[in-house]
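Read the structure below first, then the notes.
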Amino acid sequence: MTRSRRRPGAGASAQAKADTIRAAERRKQHRTAAWAVPLLVIPIALGLGFLVATVTDWRAGLSVACVNTVLALRRIYRSTGSTWATGAAGERRTRWILAPLIWCGLGRWAVLHDRQVPRSRANLDHIVLGKCGPIYVDTKTWKSRKSKVHLRSGRLWYGNHPQKDSLDTVLWEASRVAEVLGHPVQAVVAVHYAPVPPGGLISQGVTIIQSSELRRYLRALPKAPGWDRRRIAGAYRLADAQLRPAG
């Protein structure tokens, strides 16, 4: 099994799955190259180079042969991409958005990234603990800037794709955090790239906001009774002990 070399942290579990998929893709590409290069790539490149050389000179023919070979190899070894890799990159972006809360928070904020749901294969993207109480933040990396995030009859849509099942999953993940902490947990979806209306949306009890507004949104939340620095630190230790890193 291929293992990710990344250290545990935001996006680590998604990146590990992306690395496994990419390794399998690369092995398939090697098998293709093993027969395609000697049987197709080199003969075609030499043939084109010879034709160009007869019309112009040997330097032009050699250049054509080399360019054709490079283009063929790039086509063989091109990556089809992975939704896991895209998701991992989005989670790392969210980590950096949340980081100033820790750097400048003086103990008023604590954040855990990429934690395993107990007795499940699912992972928790980001758990934020602050004066507002516990918040579960799920990262969505929706890369089409032309597909707007909007509501239809109170339901969330990304372009023409309904997101009811996605929000059901977010609510379930937030409930798992609530079980561990023994306290209700607010659910937030932070969207990268695809435009979300200013101020965000609310659907199925989940707040959906542009990732760039995440810090501002969290800081503006009202204070929850009893959530001082001591309780935040205690909740962090509890979550850290009960929810192991997923990566």
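Below are the figures for this structure:
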{"item": "Helices (runs of 4 or more DSSP H) fully within region 11-119 counting 3 or more residues that are under 30 Å from R230 (Cα atoms), modelled with pLDDT of 75 or more and aliphatic (A, V, I, L, M)", "result": "83-104"}
{"item": "Filter pass, G234 being over 26 Å from G159 (Cα atoms), of a type outside the set (S, T, Y) and open to solvent by less than 50 Å² (accessible area, probe 1.4 Å)", "result": "yes"}
{"item": "Residues that are open to solvent by 20 Å² or more (accessible area, probe 1.4 Å) and either over 16 Å from A190 (Cβ atoms) or not charged (D, E, K, R) (or both), drawn from region 92-110", "result": "W96, I97, P100, I102, W103, C104, L106, G107, R108, W109"}
{"item": "Region 197-227, residues that are surrounded by 13 or more Cβ atoms within 10 Å (Cβ to Cβ), assigned to a loop (DSSP other than H, G, I, E, B) and in contact (Cβ under 8 Å) with a residue 24 or more places away in the chain", "result": "P197, Q204, L221, A224, W227"}
{"item": "Strands (runs of 3 or more DSSP E) contained in region 135-196 and holding at least 3 residues of a type in the set (D, E) and open to solvent by less than 50 Å² (accessible area, probe 1.4 Å)", "result": "none"}
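The values are calculated or read from the model by the stated rules, or taken from the named source; none is laboratory data. Model, not experiment: these values are computed from the prediction. Cβ atoms come from the backbone with ideal geometry, glycine included; neighbour counts cover every protein chain shown. Side chains included, ligands, DNA and RNA excluded: accessible areas come from the protein's heavy atoms. Shrake-Rupley method; radii C 1.70, N 1.55, O 1.52, S 1.80 Å.
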